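Chemist: Please read through the structure below; I'll follow up with questions.
We did not get these values from a lab; they are worked out from the coordinates using the rules stated. Predicted, not measured: the structure shown is a model, and the values here were computed from it. Ideal geometry is used to build each Cβ from the backbone, glycine not excepted, and the neighbour counts take in all protein chains shown.
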Amino acid sequence: MHDQPRIWFVTGAAHGLGRVLARAALMRGDIVVGTSADGELASDAGFRSARLAGDFHPVDMTPTAAGSVRGALAQALALHGRIDVIVIHSEDPPPGSTEAAHWFDLHFLGPLRVMQAALPILRAQGHGRIVDVSSRTLAPRAGWDVYAVAANALQHSSQSLTDELRQLGIEVLRVDPDAVDADAVDCIGEPALPLDCAPRPELASGRV
């Protein structure tokens, strides 16, 4: 299996670190199924670059709807019969969204739905890796209290699964970058941009 391209399922692939990881996987020739909630990936020129050696498959998914999550994973599985890496990167909230319940749903319940729907697939195939992308800036700050609660809850959920799933051949990894400017991160790997927008070697080297 290691001689074959890996099959990635990346949620929130239209922006931020989800986009960076999706493009890094494509640059090394892997196959990526990327999700977004509004269909924007289908017309995203950044995923059609000749520099990307892998195949990209955009899929619509609403992380706040369990049926949509299951359907997106089913589409990914149907493409190649397996999923090797699942990256859980939360979608941005809709513009103007300030409801605490929606933020909690998006940043905790949404990733939890992805994990719950993915685990039967990974158990059945006997291998896989779940990469939970969050933030280590978890101390509540003004305007970020609900996000901090959701991120902490997701952290504990991921940790509780780690030992249980390891014996089944499934790894759970948590990526906790510090505060990230998602708009700046989106430039990584784009042509005709400064060198400081180039992908970091560790992202494109296969260490994830």
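Chemist: From the phi angles alone, apply the Karplus equation (6.51, -1.76, 1.60; θ = phi - 60°) to region 107-112 and give each ³J(HN,Hα) in whole Hz, x where the residue is Gly or Pro.
Modeler: Using θ = phi - 60°, the values come out as 9, 10, 5, x, x, 5 Hz.
Chemist: Another question, then. What order do you get for 160, 68, 134 when you list them from fewest to most C-beta neighbours inside 10 Å?
Modeler: Placing the least packed residue first, the sequence is 160, 68, 134.
Chemist: Can I ask one more? Mind giving me the nanometre distance, one decimal, between the label points for residue 64 and residue 104, set 7 Å out from Cα along Cα→Cβ?
Modeler: The modelled label-to-label distance comes out at 1.4 nm.
Chemist: Follow-up. Just the projected area, averaged over all directions, of the convex hull on the alpha carbon atoms of region 3-79: how many nm²?
Modeler: The Cα convex hull of region 3-79, projected and averaged over all directions, gives 4.9 nm².
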